[in-house]
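The values are calculated or read from the model by the stated rules, or taken from the named source; none is laboratory data. Since the structure is predicted, the reported quantities are computational estimates derived from the model, not experimental observations. Here the Cβ positions follow ideal geometry from the backbone for every residue, glycine too, while neighbour counts run over all protein chains shown.
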Amino acid sequence: MKSGITPSPATRPQRFASVRDLVKATAADGGQVREFDRRIKGSVIVNALIRSRAAAGMTQADVAEKMTCTQSAVSKLEHVADAELTLQDIASYLHATGGRLNLGIGKQPNRVERIKELAICLKSELESLADLSSNSDDPSIRQSINGFFGEAWFNLFKILCDTTSRLPKEPEQTSPLMLFGSESACVTVAGKPEKAGC
C-alpha cells in the first residue's frame, strides 16, 4: 500500500553510473579507490569468464558439473586475481561454458600475415561445412548450407571489390580483380539473384 509520502531529496538513495563511482563517492580515502582500480585491472580475464557463463545461461553449479568439480571450486575460480589462474583453469572453464580461447604465441603478425591466417581458418571452416552438407541426409541442411555458400561467395567478392577500389591507381598496372573481367558477377543469395562487380 502506498503511503502517499514522497521521500525528500535528502533521503532519496543516490544513484551511481558505475561501481567505481560508488566506491569513489563512499571511500574513506583515495587509497581505497586505487585498491579498487588495481583489483579491477587484475581481474579482466576472470570477468570475461563470468560473462561467458552468463551468456551461456549457466549457473556455477552447471559449470562445475561440466568441469567435474564442485560449485565452490568454480566460485573460488571466479574470485581469484587473473595472475592466479592457470591456462588449464581458463581452458576448462571456457570448454564448460561453450566459450572460446584464442591464444597467440610469437611475434605480432602484420596485416598481410593476419589476413593469410584468417584465409586458412576460413578455408577450413568452409571445408567442414561442405563436408557436413555432403554427408547430410537432410535436404533442408544441404539447402541452407548451399545457400550460405552463395551468400558467402557474394560477400567475399564484394569485400574484395570494395577494398581493391581503394588501392591507388598505378600507371600500367591492372587491378588484381581485372582477371575476372569488367562484367558483374551474378550469384543467387537467399533465392534472389545479386550482382557484384568491380
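So which of LEU77, LEU94, LEU103, LEU22 is under 30 Å from GLU117 (Cα atoms) and modelled with pLDDT under 95?
Details: LEU77 fails: under 30 Å from GLU117 (Cα atoms); LEU94 fails: modelled with pLDDT under 95; LEU22 fails: under 30 Å from GLU117 (Cα atoms).
None of the other options fit; the residue is LEU103.
For segment 15-32, enumerate the residues that are under 18 Å from ALA81 (Cβ atoms) and surrounded by 11 or more Cβ atoms within 10 Å (Cβ to Cβ).
Just the residues of segment 15-32 that are under 18 Å from ALA81 (Cβ atoms), to begin with: 19-20, 23, 32.
Those that are under 18 Å from ALA81 (Cβ atoms) and surrounded by 11 or more Cβ atoms within 10 Å (Cβ to Cβ): ARG20, VAL23, GLN32.
Looking for whichever is part of a helix (DSSP H, G or I) and closer than 28 Å to ALA55 by Cβ here; the options are ILE141, ILE105. Which one fits?
Details: ILE105 fails: part of a helix (DSSP H, G or I).
Result of the check over ILE141, ILE105: ILE141.
Among (1) assigned to a helix (DSSP H, G or I); (2) surrounded by 15 or more Cβ atoms within 10 Å (Cβ to Cβ), where does LEU118 come up short?
(2)
So in segment 130-169, with the set limited to residues that are among the hydroxyl-bearing types (Ser, Thr, Tyr) and closer than 20 Å to ALA119 by Cα, which one is nearest to the chain's Cα centre (by Cα)? Let's see the steps before the verdict.
From segment 130-169, those among the hydroxyl-bearing types (Ser, Thr, Tyr) are 133-134, 136, 140, 144, 163-165; that's our starting set.
When the remaining residues are screened for being closer than 20 Å to ALA119 by Cα, the result is 163-164.
On the way: THR163: 24, THR164: 27 Å.
Across segment 130-169, the extreme among qualifying residues is THR163.
Collect the residues in segment 29-85 that are closer than 16 Å to VAL19 by Cα, hydrophobic (A, V, I, L, M, F, W, C) and under 18 Å from the mean Cα position of the chain (by Cα), keeping them in residue-number order.
VAL44
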